Amino acid sequence: MAESRPHFASDPPIQVTANSDSRLGWLNHIPSWLHGWLVPIVVLALWQLSGYLGWVTPTQLPTPLAILRRFIELALNGELYRHVSISFVRAIAGFALGSIAGLALGTFTGIGRLIERTLDPSLQMLRTIPLLALTPLFILWFGIGEFSKMLLISLGAFFPVYLNTFLGIRSVDSKLFQVTRILGFSRWQMIRRLILPTALPNILLGLRLALGISWLVLVFAEMMGTSSGIGIMIEEARGYSNTDIVFVGIILFAIVGALSDYVVRKLEKKLLGWRDTYTG
């Protein structure tokens, strides 16, 4: 019986032939940018086929072509623009208010131990309360107007920015603080030239998370009572069993959310391009 020996780095590489690679070789002939669209295209084709063959009813699951026709119809009569523009203003206003408050309080609690011991326990308790549980209180206190919707969205956007700002500041190397003291930096210079640039990746991550949560909370906020907005459009369509309009609203949320995330990613690229770790 031949005795086996260990494989060393100097030995020639072992050739392994995978039959699966040869069977999937046709993928190499497809442009790389198209790879991510393969699964959605297959799903849409099967979806359209199942509706065409009558496997599902239009009320349960309208076909992609029916949803596209409804999308074009709403866009041409102006309904789509009206709902999207109002929802966009609500989401961005609530996001801006919550992000500014989260950035300010996250900075204060991250820098000052006394402020952290005073504010952070209360904020952490508030963070664990579901937003849906606070909706009745917002209606009782502020009514069903735009102000209550904006406050509900801002509360959802507040905590991702607050937590990530706090984490980013506490992640700053303590040796850098010693350098700034030697250089004679004032407290404001320390914040502007050391703390915020170092914590910027965490802050931008918090903004991306807050932006996504703002669109999620917007749906519930618009169902509190309003005459326009993507959320109320979906709710009214559900009441009349217009499933195609429900899908139009879902697609709108996906498109606007993806565009918002794209803007923040561009901002990250511009602000963090000087960091070697940003590009990997």
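The values are calculated or read from the model by the stated rules, or taken from the named source; none is laboratory data. Just so you know, these numbers come straight off a predicted model, no measurement behind them. When we count neighbours, we look across all protein chains shown, and the Cβ atoms used for this are built from the backbone with ideal geometry, even at glycine. Surface areas here come from the heavy atoms of the whole protein model, side chains and all, with no ligands, DNA or RNA. Shrake-Rupley method; radii C 1.70, N 1.55, O 1.52, S 1.80 Å.
Looking at region 93-132, which of its residues are open to solvent by less than 60 Å² (accessible area, probe 1.4 Å) and closer than 30 Å to Ile232 by Cα? Before the answer, list the steps.
Initial filter on region 93-132 (open to solvent by less than 60 Å² (accessible area, probe 1.4 Å)): 93-96, 98-99, 101-102, 104-107, 109-112, 116, 120, 123-124, 131.
Listed by number, the residues that qualify are Ala93, Gly94, Phe95, Ala96, Gly98, Ser99, Ala101, Gly102, Leu131.
In region 99-138, what residues are of a type in the set (Ser, Thr, Tyr) and in a helix (DSSP H, G or I)?
Answer for region 99-138, where residues must be of a type in the set (Ser, Thr, Tyr) and in a helix (DSSP H, G or I): Ser99, Thr107, Thr109, Thr118, Ser122, Thr135.
Being over 25 Å from Gly231 (Cβ atoms), in contact (Cβ under 8 Å) with a residue 12 or more places away in the chain and hydrophobic (A, V, I, L, M, F, W, C) narrows it down to one residue among Leu131, Leu123; which is it?
The conditions single out Leu123.
Take region 77-92 and flag every residue that is over 20 Å from Gly225 (Cα atoms) and either open to solvent by 40 Å² or more (accessible area, probe 1.4 Å) or in contact (Cβ under 8 Å) with a residue 60 or more places away in the chain (or both).
Asn77
Does Leu211 satisfy the condition of being at pLDDT 85 or above, over 30 Å from Val56 (Cα atoms), open to solvent by less than 30 Å² (accessible area, probe 1.4 Å) and out of contact with any strand residue (DSSP E or B) (no Cβ under 9 Å at 6 or more places or on another chain)?
When the stated conditions are applied, Leu211 passes them.
So Ile195 ticks every box in (1) at pLDDT below 80; (2) open to solvent by 20 Å² or more (accessible area, probe 1.4 Å) but one. Which box is left unticked?
Ile195 satisfies all of (1) at pLDDT below 80; (2) open to solvent by 20 Å² or more (accessible area, probe 1.4 Å) except (2).
Test Arg170 against the stated conditions and say whether it is open to solvent by 60 Å² or more (accessible area, probe 1.4 Å), charged (D, E, K, R) and either touching a strand residue (DSSP E or B) at 6+ places or on another chain (Cβ under 6 Å) or within 20 Å of Leu119 (Cα to Cα) (or both). Spell out the reasoning first.
Working: open to solvent by 60 Å² or more (accessible area, probe 1.4 Å): yes; charged (D, E, K, R): yes; either touching a strand residue (DSSP E or B) at 6+ places or on another chain (Cβ under 6 Å) or within 20 Å of Leu119 (Cα to Cα) (or both): yes.
Against the criterion (open to solvent by 60 Å² or more (accessible area, probe 1.4 Å), charged (D, E, K, R) and either touching a strand residue (DSSP E or B) at 6+ places or on another chain (Cβ under 6 Å) or within 20 Å of Leu119 (Cα to Cα) (or both)), Arg170 qualifies.
Which condition breaks for Phe158 when tested against (1) under 30 Å from Arg193 (Cα atoms); (2) open to solvent by 70 Å² or more (accessible area, probe 1.4 Å)?
Here Phe158 meets the rest and fails (2).
Name the one entry in Phe147, Phe142, Phe138 that is under 25 Å from the mean Cα position of the chain (by Cα), open to solvent by 60 Å² or more (accessible area, probe 1.4 Å) and among the aromatic types (Phe, Trp, Tyr).
Of Phe147, Phe142, Phe138, the one residue that is under 25 Å from the mean Cα position of the chain (by Cα), open to solvent by 60 Å² or more (accessible area, probe 1.4 Å) and among the aromatic types (Phe, Trp, Tyr) is Phe147.
Pairs needed: first member in region 184-201, closer than 15 Å to Ser174 by Cα; second member anywhere, open to solvent by 50 Å² or more (accessible area, probe 1.4 Å); C-beta distance under 6 Å; at least 6 residues apart or different chains.
Partner pairs satisfying both residue conditions: Leu194/Leu176.
Would you pick out the residues in region 93-116 that are out of contact with any helix residue (DSSP H, G or I) (no Cβ under 8 Å at 6 or more places or on another chain) and of a type outside the set (Gly, Ala, Ser)?
Correct list: Ile100, Arg113, Leu114.
State yes or no: is Leu68 open to solvent by less than 80 Å² (accessible area, probe 1.4 Å) and modelled with pLDDT of 85 or more?
no
Please find, within region 216-230, the residue that is modelled with the highest pLDDT out of those that are in a helix (DSSP H, G or I) and surrounded by fewer than 23 Cβ atoms within 10 Å (Cβ to Cβ).
Residue satisfying both the conditions and the ranking: Leu216.
Taking the condition modelled with pLDDT of 85 or more, buried (at least 18 other Cβ atoms within 10 Å of the Cβ), of a type in the set (A, V, I, L, M) and over 24 Å from Asn202 (Cα atoms), does Leu74 pass?
yes
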